[in-house]
1. Kindly list the number of the only condition in (1) open to solvent by 40 Å² or more (accessible area, probe 1.4 Å); (2) not in a helix (DSSP H, G or I) that fails for GLU105.
2. Quick check on this structure: which one of LEU38, LEU20 is within 30 Å of GLU97 (Cα to Cα) and among the aliphatic types (A, V, I, L, M)?
3. Filter segment 174-189 down to residues that are of a type in the set (Gly, Ala, Ser) and either surrounded by fewer than 18 Cβ atoms within 10 Å (Cβ to Cβ) or in contact (Cβ under 8 Å) with a residue 40 or more places away in the chain (or both), then give me how many there are.
4. Kindly provide the set of residues from segment 190-210 that are surrounded by fewer than 12 Cβ atoms within 10 Å (Cβ to Cβ) and over 14 Å from ILE147 (Cα atoms), ordered by number.
5. Please determine whether any residue of segment 84-102 is farther than 30 Å from ASN19 by Cα and open to solvent by 40 Å² or more (accessible area, probe 1.4 Å).
6. If I filter segment 49-64 for residues that are open to solvent by less than 70 Å² (accessible area, probe 1.4 Å), hydrophobic (A, V, I, L, M, F, W, C), farther than 30 Å from LEU200 by Cβ and in a loop (DSSP other than H, G, I, E, B), do I get at least one hit?
7. Residue check: is HIS70 modelled with pLDDT of 90 or more and open to solvent by less than 70 Å² (accessible area, probe 1.4 Å)?
Amino acid sequence: MIWENSTETPEITMEEVRNLIKKKDEIEEQIKAYHDVLEDQGVGLQTPLVDEEGFPRADVNLYQIRNARHNISCLQNDHKAIMVEIEEALHKLHAREKAKRAQDEVEAQAEAMDVQVTLPAPFARVDAVTQGSPASGAGLKVGDEVIEFGSVTTNNFQNLQNIASAVQHSEGKPLRVSVIRNGQKVQMSLTPQRWPGRGLLGCNIVPIPR
């Protein structure tokens with residue numbers, strides 16, 4: 001009745017913990033069964049098996065009692081051992097999950113930093129968007145930092161006239177617009193066109209000093 005020590009496994013799994021718990025339950029069932037044997041004989045673990053004169057009792061099955069007591073003793077030792085295994089396995093499992101969560105957080109932070117590092121510097125900012133305008137319909141929002149507006153990019157932007165020229169030459173045609181929003185790159189398609197309001201976009205864009 002010696003159970004295999006599964007805590008030697010470097011990577012403990014929840015399935016292995018369940019198996020250990022199943023073994024524990026089996027041991028407890030066996031201990032109960034042997035206690036039932038003793039109860040049927042009217043004795044306990046410490047009840048004397050000799051009469052007042054020191055002779056073996058004739059009113060009980062001595063072999064069954066001694067066998068049950070021996071097995072209970074062995075099973076109790078097995079029970080203590082497997083409880084230690086379960087405790088260690090759960091500790092390893094929780095420690096691994098904690099380490100994994102920490103690693104995931106580190107990777108997420110590193111990924112966010114990589115994104116921030118690789119994004120080009122914005123050259124303009126949206127400071128107003130009129131409801132119902134082409135800009136609003138495309139998804140442009142106040143606070144968006146522009147890194148691409150059609151053919152205008154961080155590398156070739158000189159002034160707002162660059163954007164105005166791109167808009168005028170693209171009336172009725174979709175322009176690819178890329179912005180930084182909450183630290184993330186957001187792309188959209190914006191089509192300059194006539195609408196009830198002023199201009200072809202319905203938004204106000206200001207340059208970002210560099």
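The values are calculated or read from the model by the stated rules, or taken from the named source; none is laboratory data. Predicted model, so just to flag it, every value in this text is computed and none were measured. Cβ sites come from the backbone with ideal geometry, for glycine too, and all protein chains shown count toward neighbours. The accessibility values were calculated without ligands, DNA or RNA, using every heavy atom of the protein model including side chains. Shrake-Rupley method; radii C 1.70, N 1.55, O 1.52, S 1.80 Å.
1. Result: GLU105 fails condition (2) only.
2. LEU20
3. Going through segment 174-189, the residues of a type in the set (Gly, Ala, Ser) turn out to be 178, 183, 189.
Among the residues that remain, those that are also either surrounded by fewer than 18 Cβ atoms within 10 Å (Cβ to Cβ) or in contact (Cβ under 8 Å) with a residue 40 or more places away in the chain (or both) are: 183, 189.
Going through segment 174-189 one residue at a time, the tally reaches 2.
4. The answer is ARG194, PRO196, ARG198.
5. Checking segment 84-102: not a single residue is farther than 30 Å from ASN19 by Cα and open to solvent by 40 Å² or more (accessible area, probe 1.4 Å).
6. yes
7. no
To keep it simple, each residue is scored yes or no on (1) open to solvent by 20 Å² or more (accessible area, probe 1.4 Å); (2) touching a residue at least 60 places away in the same chain (Cβ under 8 Å).
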| site | (1), (2) |
| --- | --- |
| ASP127 | yes, yes |
| GLN131 | yes, no |
| VAL142 | yes, no |
| VAL152 | no, no |
| ASN156 | yes, no |
| GLN168 | yes, no |
| GLY172 | yes, no |
